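Only one structure is covered here, and it is reproduced in the block below.
The values are calculated or read from the model by the stated rules, or taken from the named source; none is laboratory data. Please read all numbers here as calculations on a predicted model, not as lab measurements. Please note: Cβ atoms are built from the backbone with ideal geometry, for glycine as well, and neighbour counts cover all protein chains shown.
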Amino acid sequence: MRNLLARLATVLGMLTLSGFLVPASASAAGNCSTWNYYQYGAYMGNSNNASGSLADIQVRRSDLCSNPGSHSSLGASWSMLAAGNAASYAQIGWTRTKGHNGGDATFFYQYRGAGENTHTDWWGNPSNGDEKRFKVTWLNGSGEDNDIHLFICDAGGGNCVDKQDTGLSPGGWTGGIYALSKGEVNNRQTDMPGTDGARDNFNNLLQRIGTGPWEAHTLYECDVDCPIDTDDNPPRFHFEWVSSDHFRIWTDPL
């Protein structure tokens, strides 16, 4: 799953928007040097062939690495459905990128089918500590359009807005279908969302299987198929379960 946000970083680096407030700097991360996609979060295994993934996720602004050169250092937190081979996916959440919107956070969604172009959109100006429900669901029930849709709602599920019909139908995706909710950075010297004093909460995690209801299924900490930094001693990126449907992530700043 390590390259699922590579296309987001590329597109974000090509665009510049204006009109957003720039918050005060967080604790300084290091100079950009080790480019990779580091993720920390939880997932439901692909053997279940998920049809939905949602979480109430906080916006926790932590610092991006400095002097990125031609790259665009970024941090993000999101929910996703993804093919086991990572060729197809759909995700929605929040992100911030150095050089984009003054480094301020925005909501975003992104999706692509195998061999297709990547589709990305950004909107809004969430404040640090805001919490929203990000929901990715395959509308595969009777009378529905059989596509994956991307929703943003108030935390707890009220006032949902269908931001995008992706046109993706994952019935033929290779390698099964994962349900994931994670934080992510694209450089080891960037801080994962959240700090020790203000950890990034992923709460009320629910998933769907087949045409079934939203339920809390067994989730796994992303510590095997995610390239978490193990070179720092002690490690800077942290994860904790609060309950079976609630976890937190954070970083010890450099």
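Of all residues in region 185-225, those satisfying the criterion of being among the hydroxyl-bearing types (Ser, Thr, Tyr) and either part of a strand (DSSP E or B) or at pLDDT below 90 (or both) are Thr190, Thr195, Tyr220.
Annotation note: Cβ proximity below 7 Å between a residue of region 177-188 that is farther than 24 Å from Asp63 by Cβ and of a type in the set (Lys, Arg) and a residue that is buried (at least 24 other Cβ atoms within 10 Å of the Cβ) and at pLDDT below 90 (sequence gap 6+ or interchain) occurs for no pair.
Filtering region 137-155 to residues that are under 16 Å from Trp78 (Cα atoms) and in contact (Cβ under 8 Å) with a residue 40 or more places away in the chain leaves Thr137, Ile148, Leu150, Phe151, Ile152, Ala155. Within region 119-134, residues that are at positive phi sit with their Cβ atoms under 9 Å from residues that are buried (at least 16 other Cβ atoms within 10 Å of the Cβ) and charged (D, E, K, R), at 6+ positions apart or across chains, in these pairs: Gly129/Arg60; Gly129/Arg61.
Matching residues to (1) more than 23 Å from Asn204 (Cβ to Cβ); (2) at pLDDT 95 or above:
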| site | (1), (2) |
| --- | --- |
| Ala86 | yes, no |
| Phe107 | no, yes |
| Ala114 | yes, no |
| Ser127 | no, no |
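Please count how many residues of region 10-48 are modelled with pLDDT of 80 or more, crowded, with 17+ Cβ neighbours inside 10 Å and either outside any strand (DSSP E or B) or among the basic types (Lys, Arg) (or both). Adding up the residues that qualify gives 1. Every test in (1) part of a loop (DSSP other than H, G, I, E, B); (2) closer than 29 Å to Val242 by Cα; (3) touching a Gly at 6+ places or on another chain (Cβ under 6 Å) is passed by Lys182 save one, and that test is (1).
Does Asn125 satisfy being buried (at least 22 other Cβ atoms within 10 Å of the Cβ), farther than 23 Å from Leu219 by Cα and within 17 Å of the chain's Cα centre (by Cα)? The answer is no for Asn125.
Within region 49-84, if we keep just the residues that are modelled with pLDDT of 90 or more and in a loop (DSSP other than H, G, I, E, B), the residue that is nearest to Ile209 (Cα to Cα) turns out to be Val59.
Checking each residue in region 59-77 for being within 12 Å of the chain's Cα centre (by Cα) and buried (at least 24 other Cβ atoms within 10 Å of the Cβ) picks out Leu74, Gly75, Ala76, Ser77.
Only one of the numbered conditions (1) under 29 Å from Asp252 (Cα atoms); (2) at pLDDT 95 or above; (3) not charged (D, E, K, R) is not met by His149, and that is (1).
One residue stands out among those in region 92-112 that are surrounded by fewer than 24 Cβ atoms within 10 Å (Cβ to Cβ) and among the polar types (S, T, N, Q): the one that is nearest to Phe134 (Cα to Cα), which is Thr106.
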